[in-house]
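The values are calculated or read from the model by the stated rules, or taken from the named source; none is laboratory data. The structure presented is a predicted model; accordingly, all values stated were derived computationally and were not measured. Please note: Cβ atoms are built from the backbone with ideal geometry, for glycine as well, and neighbour counts cover all protein chains shown.
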Amino acid sequence: MFTPPPSPTPTPLTLEQVKELFSHWRRTRTKISRIPSPLWDAVCHLIKDQGYSPKQVASELGLSHHKIQLKMQPSPPAPDFIQVSLPSSASLHPSSPRAFPPEGSIELTRPNGTTLKASGLDPKDLHSLVQLFLS
C-alpha cells in the first residue's frame, strides 16, 4: 500500500509535491492498481484548500477530470435499514397463490455493509434464511 513520505513540517503539500508523489507511485507500483487514498486526499486538498481548479489538477497530474469530480462529491449516506414483511411460512407452500417463485434471487444489505446474496432457494428455506440474517 502506498503511503506518502512523512512531511517534516505540517505545511500543506504543493501541486509540485503532489505531482512528484504521483510520479513516484506510478514508477514504483508493481501492477496496475487504483490510486491510493492518500493520493486522492492530496488531490482533494489541492482543490478544496489551495484553490486549484479540478481541470488544472487533472491536467498537471495526468488524471481524469471526471474522476476528480466524482472524488470531490460527498459520499452518499449509508442507506437506512428497510424492514421487509414476508408472508408466514404456511403461505410459502409452492401450491399457494401467494408463494414466491421457486427460482429467484435476493440481495439484502445490513446498515453495517454486510450483504447477503442468494439465488435458487426453495421459498421455505428463503424465509428461514432471511430471518437468520436479520436477527
May I ask you to list pairs of residues, at least six apart or on different chains, whose Cβ atoms are under 7 Å apart, with the first in segment 22-40 being farther than 20 Å from His66 by Cα and the second being among the aromatic types (Phe, Trp, Tyr)? Trp25/Phe2
Selected residue (criterion: modelled with the highest pLDDT) from residues of segment 40-99 that are over 26 Å from the mean Cα position of the chain (by Cα) and of a type in the set (D, E, K, R): Glu60
